[in-house]
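Every number here is computed from the coordinates shown, using simple stated rules; none is lab data. Predicted model only: the values in this text are computed from it and were never measured.
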Amino acid sequence: MIQRTEALPKQEESSLRFTDMRHHCPHGTTRIYENSGESCATTEYLEKYPSYGSVLPPQSLKPKEEFRAYRGKMEGITTFKSDYRPYEIDKQPRHAPEGYKPKQGVIDLGTTYKRDFNSYKVQPVVIIRPLERQQVKKGKLDTVPTYKANNRDSFMVTQEKESLW
């Protein structure tokens, strides 16, 4: 906040109490700054940090325009392709495999299946006739289905009721 060195009117004193690090000039704007959009040439920053005469500010680290790349028509090449140019690669000589050489001597053509499962002669299957079925006894055939046989009592009750009607 700005420190008061001289007595200010009551209206300006109240405006200095509620400042948010903004500069409030005790004097009005001059004719130079009326139409420029600036309120005042002096700011709180300039009051706190005055310039030090002939000391130059540090040089800017911003790259200069002369170092910028060519701004003409783009070539359609990515930066990777433009930065890393391909170079010729010599092909490595291929290894030539040796020719086929058959093994000398007798070769055992047995497999683990033949070794583990010995073969035996297959004999023909003897045909056996099935046992003869017992013939159904000739007589009266009971054709009552199982659901009727199981629920015979309930059918009897319903038949009795129907006969009463």
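A few remarks follow.
- Within a straight-line Cα-Cα reach of under 28 Å, Lys148 can be paired with the following lysines, leaving aside sequence neighbours fewer than 8 residues apart in one chain: Lys137, Lys138, Lys140, Lys161.
- Derived scalar couplings between HN and Hα for segment 96-112 equal 8, x, 6, x, 6, 10, x, 6, 8, x, 7, 9, 7, 8, x, 10, 5 Hz in order, rounded to whole Hz, by the Karplus curve 6.51 cos²θ - 1.76 cosθ + 1.60 (θ = phi - 60°), x for Gly and Pro.
- Applying 0.36 nm per residue to the separation of Lys138 and Thr112 and subtracting their alpha-carbon distance, the gain on full extension is 3.1 nm.
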